[in-house]
Amino acid sequence: MSLTPQQAFKKLPQTLQNFFTRYPPAPFKKYATEPTLTSAEDANPFLYNRHPVTQKVQDPIYSMRRQSDLFKLAYKFGVADLLPALNNDKKFFQEKYDTKPTLRGVTSPKGHKWERTFTKRKTRIADALDKVDDILIEARGTKYKKRLERREKEKRTWY
Amino acid sequence: MSSKVAKAGRYAANFERLGYRASAFQNMFQKGQLPFLRDGREPLPEAKQNQTMEDWKFVVGDRVLLTSGPNKGTVTSILSLQKSNNSYFLEHGQTKKASIPFLLWERQQESYLVDYPVPVTADSFKLVTTIKEEDGTERDVAADDIVYRGKYYDSDYNKMLPYRCIKNHEHIIIPWPRPDPITDDGLCTPQETVLERTFFPDSLVSCDVSKEAYLSLRDPLAKRPYKWDRKVITKSDLKRLTPPKMPFSETKKAFFKERADIRAKQIKEISPEVEEFIGKKVADYFSKIQDPDMRYYLSKMAGDQKKKGKKSDN
């Protein structure tokens, strides 16, 4: 059974009917996507707007909770896209997860401190081991140098 | 005396609460009294004081025969009762000379010295009554002691009283003396018309009594109101309770105007074009739904459905 538009409109929950009565959707009225003055014609009821005289920021007419309630209800009745832009470009349901930006920690995790300093420490040790003979020669004198040279010369090989 | 002090309220000392220190305070109290009023007897505790006519046995107006003291043998009557000591003031009883300060003189008093009656206890006199002999002559008899037998309603006292009989001669009933007749005040309702009904309400709902008179009508079950619980706001009260009206500032006026403008701008009724636009979209969406559970859910959430449900609940 197909519904007439009037019948279908009455199928909407009362909260949505009231909202669309007060704030007609896009082709009939346009709403700002950025905060404007509260007196502006296109003032968005979901955004924080500034009073023209006092210059003070006023809370949105629909609080964050009521915005989200309205959106979820409208989504179930297929009219979510008729609502004005939500505060902070808020997303719901699967879209919320799909549009989520990949966090830096996911792509390049920080790691533990030992992990972060591992290669640096290893190279430092290797460098120090390379220099160890020179240091010992400096400390113990030429006699030790000669001993090292003799050992090198007398080193047994398989050939 | 102590009962009087106790009944005097929170501004007077209650001697019974003082315990062993009470006698010191009593002495102080006695010293403060006029000398002839100091009888040297301590007042009885309240539990031992006579309360009812049955307790007293002899009441004001009774004829009595003195059995002790200088006036022994005379027949006189009881003038008044001294409650603090369960004693009686007699008309021709023993008196003592008392000097009264000028400030306390009675109207016809001519001397500082007066005869002040000494209160006597019940064991210093006997109740006298008149009995009729068989030959018609009358004679007075004094009762050694009296006993109570049976009860009757006494219309003068307006209560049940026992018959006073002479002990061991219980056929002789000594009637209670008649009290002084009560004279009606000018504002009293006469006894004949007190039960006469003068007010007939026309309706149970509306009241004939004017609204202004409501506060003057007393609730018969209500206790006497505390004097500060006034239910009437007087003119001066009203003046004090009403704050002065501050004139609204320009800012406030601008705020009111802005709020009124916002209200005036608000769309209260949906236009048919908007309704059709949204309705089409909703109808389209409804037709595409295949899931029966979702269809059921949306039908339950629908605005018209909910209204029906609410009505049926009521």
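Listing for the model above:
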item: Tilt relative to chain B, helix B:272-288 - C-alpha long axis, 0 to 90 degrees, to 10; result: 80
item: Cα-Cα pairs of the stretch B:60-186 separated by more than 18 Å (percent); result: 66
item: In degrees, nearest ten, helix B:250-265 long axis to first principal axis of chain B (Cα); result: 50
item: Rounded tilt (10° steps) of B:22-32 against the dominant C-alpha axis of chain B; result: 70
item: Charge dipole (debye, nearest 20) of the protein assembly as shown; +1 at Cβ of Lys and Arg, -1 at Cβ of Asp and Glu; result: 5840
item: Rounded to 5, the percent of DSSP beta bridges in the protein assembly as shown classed as antiparallel; result: 95
item: Pairs of Cα atoms farther than 19 Å apart, the stretch B:22-91, %; result: 49
item: Over the protein assembly as shown: Kirkwood hydrodynamic radius from C-alpha pairwise inverse distances, Å; result: 38.2
item: Over chain B, equivalent-ellipsoid semi-axes from the Cα gyration tensor in Å; result: 85, 32, 24
item: At least 27 Å along the helix axis (C-alpha) and Kyte average at least -1.0, DSSP helices within chain A; result: A:118-140
item: Of B:Phe58, B:Gly303, B:Phe89, farthest towards positive along the dipole that unit charges on Lys, Arg, Asp, Glu beta carbons give the protein assembly as shown; result: B:Gly303
item: Sequence-separation-based contact order of chain B, relative, with Cα cut under 8 Å and 6+ spacing, percent; result: 8
item: Convex hull of the stretch A:5-100 built on C-alpha atoms - directionally averaged projected area, nm²; result: 6.8
item: Extreme residue, positive dipole direction of the stretch A:44-159, given options A:Asn44, A:Phe93, A:Val132 (C-beta unit charges); result: A:Val132
item: Listed residue (B:Pro119, B:Ala283, B:Phe248) projecting farthest to the positive dipole end of the protein assembly as shown, Cβ model; result: B:Ala283
item: Simple Cβ-charge dipole of the stretch A:27-144, Lys/Arg +1 and Asp/Glu -1, about Cα centre, in debye nearest 20; result: 460
item: Candidates B:Gln51, B:Gln290, B:Gln30: whichever shows maximal mean-square fluctuation once chain B is modelled as a Gaussian network with Cα springs under 10 Å; result: B:Gln290
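No lab work stands behind these numbers, since they all come straight from the coordinates. Keep in mind the model is a prediction, meaning the values are calculated, not measured. Cβ atoms come from the backbone with ideal geometry, glycine included; neighbour counts cover every protein chain shown.
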